[in-house]
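Below: the structure, in structure tokens.
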Amino acid sequence: MALPRVAVVGGSIAGLTAAALLRDAGCDVEVFERSAAPLAGYGTGIVVQPELVRYFLERTAITLERISVPSRSIRYFDAEDGSLVGAVNADWRYTSYNALYRGMLDSFGRERYRLGHALVALEPVNGIARLRFANGPTVECDLAVCADGAFSTARQLLFGISPRYAGYVTWRGLARRDALSRRTWNFFNDHFTYGLLRDGHLIAYPVPEGAINFQWYWNVPEGPEFERIMTDRAGRGTRSRSMGTLFPARRATNSSGAPPVASPSFRSSS
Ligand SMILES: Cc1cc2nc3c(=O)[nH]c(=O)nc-3n(C[C@H](O)[C@H](O)[C@H](O)COP(=O)(O)OP(=O)(O)OC[C@H]3O[C@@H](n4cnc5c(N)ncnc54)[C@H](O)[C@@H]3O)c2cc1C
């Protein structure tokens with residue numbers, strides 16, 4: 001009996017994991033990813049959850065030690081005055097988006113991984129699924145797996161659901177070990193650190209290849225301030241902005257990735 005032909009839309013963590021599992025089960029699987037290039041530099045750190053690494057651990061020679069680093073505690077600081085609010089022991093591990101993506105892409109292989117394919121239409125036709133992509137092709141399959149992320153086109157097409165603003169923006173980045181003083185590295189390494197703020201919070205934790213992942217969550221209601229943040233230098237509204245597209249004034253305020261009110265441990269690398 002011919003096994004199902006499967007089209008996976010979205011070639012990130014969920015799409016590649018589904019694709020590899022279905023391929024291992026004998027299905028004829030192709031992945032269609034909107035991005036024209038492999039997803040390098042797409043994200044930063046990720047806390048390891050069992051589901052995230054299950055494929056690696058059960059089906060490949062990739063070990064947890066190879067793709068992640070450990071920490072021993074979670075600590076909570078008042079980020080404005082730097083005082084320790086509390087700490088608990090926690091045996092967590094952290095990986096990076098790039099390590100996960102590379103590992104999953106190697107596991108699935110590149111022959112049936114189609115870049116530059118953005119789904120624009122999806123409909124059931126006589127018991128099969130018909131998918132159309134912006135660059136032209138139409139694909140018919142027995143099963144369509146839609147793993148196209150938080151702004152899913154498929155969810156919009158099938159159910160009319162669009163994402164709503166959750167009420168906060170976030171700055172994130174990586175600080176490489178050689179850009180940090182020993183004191184700063186030692187402060188953040190080996191812990192998951194929260195910095196509590198009146199209108200948000202900061203987090204920092206180590207990731208593989210010698211870096212600290214940092215992130216500032218800032219509660220911003222919809223309105224002029226939010227519009228200003230989400231408008232890039234070219235005057236375009238965006239959902240996500242890279243450092244190069246920030247307005248210079250805002251870039252100066254936030255050059256360390258930290259809010260202006262944060263205490264020294266959260267502000268600088270000195
Ligand atoms: C800073 C940060 C930290 C995070 N930390 C954690 C964490 O600690 N733990 C955790 O579990 N998660 C974390 N997440 C979330 C994590 O990134 C997501 O859980 C994960 O990336 C989701 O994977 P995904 O494959 O479902 O979706 P995504 O990674 O969003 O991938 C969706 C893919 O679909 C593609 N796509 C979109 N539209 C189309 C289309 N129309 N046609 C074809 N392709 C399309 C996109 O290009 C993309 O490659 C974090 C996210 C960020 C941004």
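The values are calculated or read from the model by the stated rules, or taken from the named source; none is laboratory data. Just so you know, these numbers come straight off a predicted model, no measurement behind them. Positions of Cβ are backbone-derived with ideal geometry, glycine not excepted, and every protein chain shown enters the neighbour counts.
Okay, here's what the table says:
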quantity	calculated
Residue match in the range 153-173 (condition: more than 16 Å from the ligand (Cβ to nearest atom) and in a strand (DSSP E or B))	no
Top-ranked residue of the range 1-15 - restricted to ones that are crowded, with 18+ Cβ neighbours inside 10 Å and within 18 Å of residue 133 (Cβ to Cβ), ranked as farthest from the ligand (Cβ to nearest atom)	6
Residue within the range 106-115 that is farther than 15 Å from residue 15 by Cβ, in a loop (DSSP other than H, G, I, E, B) and within 11 Å of the ligand (Cβ to nearest atom) present	no
Count of the range 195-240 residues which are without any contact (Cβ under 8 Å) to a residue 24 or more places away in the chain, in contact with a Ser or Thr (Cβ under 9 Å, 6 or more places away or on another chain) and more than 30 Å from residue 64 (Cβ to Cβ)	7
Residue within the range 80-95 that is in the same structural domain as residue 191 (by TED's automatic domain parsing), more than 16 Å from the ligand (Cβ to nearest atom), β-branched (Val, Ile, Thr) and not in a loop (DSSP other than H, G, I, E, B) present	yes
Top-ranked residue of the range 138-152 - restricted to ones that are among the aliphatic types (A, V, I, L, M) and more than 10 Å from the ligand (Cβ to nearest atom), ranked as surrounded by the fewest Cβ atoms within 10 Å (Cβ to Cβ)	143
The range 74-127, residues that are surrounded by 17 or more Cβ atoms within 10 Å (Cβ to Cβ) and of a type in the set (A, V, I, L, M)	74, 79, 99, 100, 104, 105, 119, 122
Neighbours by Cβ (under 7 Å, 6+ apart or cross-chain): first from the range 43-72, more than 12 Å from residue 206 (Cα to Cα) and near the ligand (Cβ under 8 Å from one of its atoms); second of a type outside the set (A, V, I, L, M, F, W, C) and not in a strand (DSSP E or B)	43/97
Selection within the range 119-148 - within 19 Å of the chain's Cα centre (by Cα) and either free of Cβ contacts under 8 Å to residues at least 12 places away in the same chain or assigned to a loop (DSSP other than H, G, I, E, B) (or both)	147, 148
Among the residues listed as 189, 135, 98, the single one being closer than 25 Å to residue 63 by Cα, within 16 Å of the ligand (Cβ to nearest atom) and polar (S, T, N, Q)	98
The range 174-191, residues that are part of a helix (DSSP H, G or I) and surrounded by 12 or more Cβ atoms within 10 Å (Cβ to Cβ)	177, 179, 184, 185, 187, 188
Number of the condition not met by residue 66 [criteria: (1) surrounded by fewer than 17 Cβ atoms within 10 Å (Cβ to Cβ); (2) in contact with an Asp or Glu (Cβ under 6 Å, 6 or more places away or on another chain)]	(2)
